[in-house]
Amino acid sequence: MLVGHQPKEFLLAVEALTVSFDGFKAVNDLSFYVDENEIRVIIGPNGAGKTTVLDLICGKTKATSGSIQFRGKELTRMKENEIVKTGVGRKFQNPSIYDDLTVFENLEISYPRGRSVFGALTFTRDSAVRDRVHEVAEMIFLKDKLNKSADLLSHGQKQWLEIGMLLIQDPDLLMLDEPVAGMSVSERAKTAELLNRIIKNRSVLVIEHDMKFVEDIAHKVTVLHQGQILSEGTMEKVQNDPKVIEVYLGH
Ligand code: ADP
Ligand code: MG
């Protein structure tokens, strides 16, 4: 044992993770580690197992074997709502916002509840919620759309709103599945700016196909193929990896 050598503390440590669907291993002995304040992007061809990895981390799918440690807590044995409480937020591919509510109301209802509120504290609490809603609205470029009904937002603005609904819960790990799909070029650039801003307090795990976007945000890229890691490292490293080039050219 090395004297004075401390094992590195990762925010998220996925080790030997496997899930088998009727004998088919969608994720197969996968290990990867995400640092604090890191933006990690997972890329890979369709069916590589990317979405399944997020499903496993958020508890939507149960692992067949392996471990997922988040701040030292084992997630594979927890239920979805317990995982949310440990500080993991997940955005699915299609936005799940309330169309008939305003932007303000969508953010307000996403504010974490649970602490008991006594009458005398209601006012303080309400103003705290309002302040936080405004803070998040500014971050997601919707501060002048607070009173607009969510169904009137553009596709990109709806995606930002849903990111905002997660941010208001202040997760330590935010997971996004193809967040810029269907966005315009300028919306993509703003989303990259948004992600780069929010990692001051958290880490982000993103699945994305748009290579320009990946280049704009990724600290490290993990390339998945058939449920396993094909390559991992900086964007430059994986882009020049012959194994990656072969898989992408073959598609
Ligand atoms: P990606 O997001 O990389 O495109 P997925 O994680 O969605 O890939 O899927 C990986 C593989 O696992 C696919 O072959 C898919 O059909 C299969 N799969 C995903 N979820 C399930 C499930 N709940 N039951 C059975 N097969 C599944
Ligand atoms: Mg997917």
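The values are calculated or read from the model by the stated rules, or taken from the named source; none is laboratory data. Please read these numbers as outputs of a predicted model, since none were measured by experiment. Every residue, glycine among them, receives a Cβ derived from its backbone with ideal geometry; neighbour counts consider all protein chains shown. To get the accessible areas, we keep the full protein, side chains included, count just its heavy atoms, and leave off ligands, DNA and RNA. Shrake-Rupley method; radii C 1.70, N 1.55, O 1.52, S 1.80 Å.
General remarks:
- Note on the range 16-78: Kirkwood hydrodynamic radius from all Cα pairs is 12.3 Å, rounded to one decimal.
- Within the accessible area of the chain, the carbon and sulfur atoms contribute 52%, probe 1.4 Å, all protein chains present.
- Rounded to whole Hz, the Karplus (6.51, -1.76, 1.60) HN-Hα couplings of the range 213-222, x for glycine and proline: 5, 4, 4, 6, 10, 6, 7, 9, 10, 10
- Counting charges near Glu15 (Lys, Arg +1; Asp, Glu -1) among other residues having Cβ under 11 Å from its Cβ returns a value of -2.
- Distance from the Cα centroid of the range 137-158 to that of the range 49-63 is 29 Å (rounded to whole angstrom).
- Rg over Rh for the chain works out to 0.99, both radii taken from alpha-carbon positions and Rh defined as the Kirkwood radius.
- Normalising by residue count, the range 35-116 has a Cα convex hull of 160 Å³ per residue.
- Between helix 155-167 and the chain there is an angle of about 90 degrees, using the helix long axis and the longest principal axis of the Cα atoms.
- Solvent exposure of the chain as accessible area per residue, Å², 1.4 Å probe: 51 Å²
- Compared with the dominant principal axis of the Cα atoms in the chain, helix 122-139 is inclined by about 50°.
- Modelled this way, with points 7 Å down the Cα-to-C-beta line, the labels at Val185 and Val129 are 4.2 nm from one another.
- Taking each of Lys79/Lys243; Lys85/Lys243; Lys85/Lys148; Lys158/Lys220 in turn, the alpha-carbon distance tops 32 angstrom for Lys79/Lys243; Lys85/Lys243.
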